[in-house]
Amino acid sequence: MKSIDPPLIDTQSSLDYRKIAIKRVGIKNLRYPIQVRDKQHHALQSTIATVLLAVDLPAHHKGTHMSRFIEALRSHGSILHVENVYDIPILLRRKLRSFSAHMELEFPFFLEKKAPVTHSSGIIDYTVRLSVALVGEERDFTLTVIVPITTLCPCSKAISTHGAHSQRGQVTCSARFERPVWIEDLIRMVEKSASCELYSLLKRPDEKAVTERAYTHPVFVEDLVRNIAVLAEENPKIIWYRVEAENFESIHNHNAYALVEGGSR
């Protein structure tokens, strides 16, 4: 007669007596294929996200069930858009009987860009981060783009007889909104505020145009974040924003940095 194995012990569901609640517990740094709709072609763009999923854990529970995070992610499917961005946190709360649930997805987002003069086409990538939280009945969704740009120093231009120093920089722009904002629109808002945007493919006429564009639009790192803030304030969809800019200085061994935050939330 075949023996029957005893049921496996559910250690995670046992009691914990230290009386310390945990704000977030879950999985982090999971790479997962997703599809994101882009504005340029109104099509789905395939990419790979680095995923964080977490819930709160009451003081009397010893642990959470890690496998259920993967189950929730898998059951959602790969297509992600604003209308379904809360589906996974809602499912996590139900599966893990939690009060709050959090999701963060960070992924490369690719855009086709044409050079300014020859219109030669190239592909450039940006980093996008989607942060979603459910805490009780409260919902929060933040879109973040990390955009490489060029800045030219106004001081260097003012004091130099020949030329001015320029450098590549990086802007991290986060926003909350009442109505959906395209990823591309947030990226464009940043690029318009810099001395010049970046391209992956430039011919000589394009390089001349880009260099002259930067020279005629010098910005300090302070100008850069303020320029973006002005555009964010003018956008009726955006209700909160946070802008960080860092210039990878070309004549110093340190970086220039600025941050501005605004909006109602």
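Values quoted throughout were computed directly from the atomic coordinates according to the rules given, and no laboratory measurement underlies them. Since this is a predicted model, take the numbers as computed values, not measurements. Cβ atoms come from the backbone with ideal geometry, glycine included; neighbour counts cover every protein chain shown.
Which of Asn227, Asn84, Asn247 moves the most in a Gaussian network model of the chain with Cα springs under 10 Å?
Asn84
Between helix 204-216 and the chain, what is the angle of the helix's C-alpha long axis to the longest principal axis, kept within 0 to 90° and rounded to the nearest 10?
Roughly 90 degrees between the two axes.
For region 200-265, compute Rg over Rh where Rg is the Cα radius of gyration and Rh is the Kirkwood radius from the inverse mean 1/r over Cα pairs.
Using Cα coordinates only, the ratio equals 1.09.
Based on the Cβ-Cβ distance from Thr127 to Asp5, what FRET efficiency comes out when R0 is 45 Å, to the nearest 0.05?
On the way: r = 48 Å, r/R0 = 1.06.
Here the calculated transfer efficiency is 0.40.
Using only the alpha-carbon atoms, what does region 123-240 span along each of its principal axes? Please give whole angstrom values in decreasing order.
For region 123-240, the Cα spread along each principal axis is 61, 30, 20 Å.
Assuming R0 = 30 Å, what is the FRET efficiency of Gln170 and Ile70, from their Cβ-Cβ distance, to the nearest 0.05?
Details: r = 32 Å, r/R0 = 1.08.
Approximately 0.40, to the nearest 0.05.
What lysines sit close enough to Lys39 to cross-link, taking a C-alpha to C-alpha distance under 19 Å and skipping anything fewer than 8 places away on the same chain?
Cross-link targets: Lys113, Lys114, Lys192, Lys237.
Let me spell out the model: positive unit charges on the Cβ of Lys and Arg, negative unit charges on the Cβ of Asp and Glu, origin at the Cα centre of the chain. What dipole size does that give, in debye rounded to 20? Walk me through the numbers on the way to the answer.
Working: 34 positive and 31 negative charges, 136 e Å.
Its charge dipole is roughly 660 debye.
Calculate for the chain the 222 nm mean residue ellipticity that helices alone would give, adding -39,500 (n - 2.57) per DSSP H run of length 4 or more and normalising by residue count, nearest 500 deg cm²/dmol.
Working: 6 runs with 64 residues, N = 265.
Here the helix-only value at 222 nm equals -7000 deg cm²/dmol.
So, by mean Cβ neighbours within 10 angstrom, what's the order for 75-81, 111-117 with the highest one leading?
The peptides rank, most packed first, as 111-117, 75-81.
Can you tell me the order of 137-147, 19-29 when each peptide is scored by its average per-residue count of other Cβ atoms within 10 angstrom, highest first?
Values: 137-147: 16.5, 19-29: 13.3.
Result, highest mean first: 137-147, 19-29.
Under 8 Å for C-alpha pairs, at least 6 residues apart: give me the relative contact order for region 23-263, rounded to a whole percent.
Details: 513 pairs, mean separation 37.0, N = 241.
The normalised contact order for region 23-263 reaches 15 percent.
Report the net charge of residues surrounding Gly26, where surrounding means a beta-carbon distance below 13 angstrom and charges are Lys +1, Arg +1, Asp -1, Glu -1.
Summing Lys and Arg as +1 and Asp and Glu as -1 gives +3.
So how tilted is helix 67-76 from the main axis of the chain? Cα-based, degrees 0 to 90, rounded to 10.
Compared with the principal axis, the helix lies near 60 degrees.
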